[in-house]
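What follows draws every value from the coordinates through simple rules; no lab data is involved. Fair warning: this is a prediction, and the values are worked out from it, not measured in the lab. Cβ atoms come from the backbone with ideal geometry, glycine included; neighbour counts cover every protein chain shown.
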Amino acid sequence: EPEVTQTPSHQVTQMGQEVILRCVPISNHLYFYWYRQILGQKVEFLVSFYNNEISEKSEIFDDQFSVERPDGSNFTLKIRSTKLEDSAMYFCASTLGGNTEAFFGQGTRLTVV
Amino acid sequence: AQSVTQLGSHVSVSEGALVLLRCNYSSSVPPYLFWYVQYPNQGLQLLLKYTTGATLVKGINGFEAEFKKSETSFHLTKPSAHMSDAAEYFCAVRINTGFQKLVFGTGTRLLVSP
């Protein structure tokens, strides 16, 4: 069964450093998403991406965040200068259409120290 | 704005007992509702969904949920818990902006004891 894969599963980084979280969506999917879950809190929408551009972003997704689909298979989330409060589980998801079932990756746990 | 409330961060049941995980939603438009499950070290997996039509929806692993508009609820049930059901369960509502943007609840961890 096709699946969304995320790497790494766990990343520890120092405050102020840049991190890139990687995702390989399901190959024929066209819509891509990032969500995050701070420990003990809700899973929150960050951004959706379609046709090589951001279609929607939340207020969390400020200038420190960016997304890219550099090579037609990977979908990345970059945080330019990490803060302690960026520590969270980050989930990538993809859908075939805008209204079809979302498939999620297993998540990347980001710890900022 | 759409939102979801899950009552109980932890629910403990014995193996063979009824599982009931509560979810209430708030939506100004007819909602699309989902339950996802997360097993340890795995991603979010869709259990079941309600879009339109029959209000009782059946999902994988013997779970089902009933959409009750009058109660704004979408509780998840399973008649008989199995040890393998121990996981985190998330209720979510879809915001109809044209894309599959989901609003999640805080999650309920289901503990199953022998």
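Structure summary
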{"quantity": "Strands (runs of 3 or more DSSP E) contained entirely in region A:1-104, each with at least 3 residues that are of a type outside the set (A, V, I, L, M, F, W, C)", "calculated": "A:5-7, A:10-13, A:31-37, A:43-50, A:53-57, A:88-95"}
{"quantity": "Hey, B:Ser28 touching a residue at least 24 places away in the same chain (Cβ under 8 Å), out of contact with any Leu (no Cβ under 8 Å at 6 or more places or on another chain) and either not hydrophobic (A, V, I, L, M, F, W, C) or not in a strand (DSSP E or B) (or both) or not", "calculated": "yes"}
{"quantity": "Those residues of region A:10-65 which are surrounded by fewer than 17 Cβ atoms within 10 Å (Cβ to Cβ), among the small types (Gly, Ala, Ser) and touching a residue at least 12 places away in the same chain (Cβ under 8 Å), in sequence order", "calculated": "A:Gly16, A:Ser27, A:Ser58"}
{"quantity": "Subset of region B:64-114 that is in a loop (DSSP other than H, G, I, E, B) and within 14 Å of another protein chain (Cβ to nearest Cβ) - its residue that is nearest to B:Ser28 (Cα to Cα)", "calculated": "B:Thr97"}
{"quantity": "Residues located in region A:81-92, provided they are surrounded by 13 or more Cβ atoms within 10 Å (Cβ to Cβ) and either more than 8 Å from chain B (Cβ to nearest Cβ) or free of Cβ contacts under 8 Å to residues at least 40 places away in the same chain (or both)", "calculated": "A:Thr82, A:Asp86, A:Ser87, A:Ala88, A:Met89, A:Tyr90, A:Cys92"}
{"quantity": "Lone qualifier among B:Thr106, B:Thr77, B:Thr55 - being in contact with a Lys or Arg (Cβ under 9 Å, 6 or more places away or on another chain) and farther than 23 Å from A:Gln6 by Cβ", "calculated": "B:Thr55"}
{"quantity": "Scan of region A:66-75 for residues that are under 13 Å from the mean Cα position of the chain (by Cα) and surrounded by fewer than 19 Cβ atoms within 10 Å (Cβ to Cβ), ordered by number", "calculated": "A:Ser66, A:Glu68, A:Arg69, A:Asn74"}
{"quantity": "Residues of region B:67-83 classified as surrounded by fewer than 17 Cβ atoms within 10 Å (Cβ to Cβ) and closer than 15 Å to B:Tyr36 by Cα, total", "calculated": "1"}
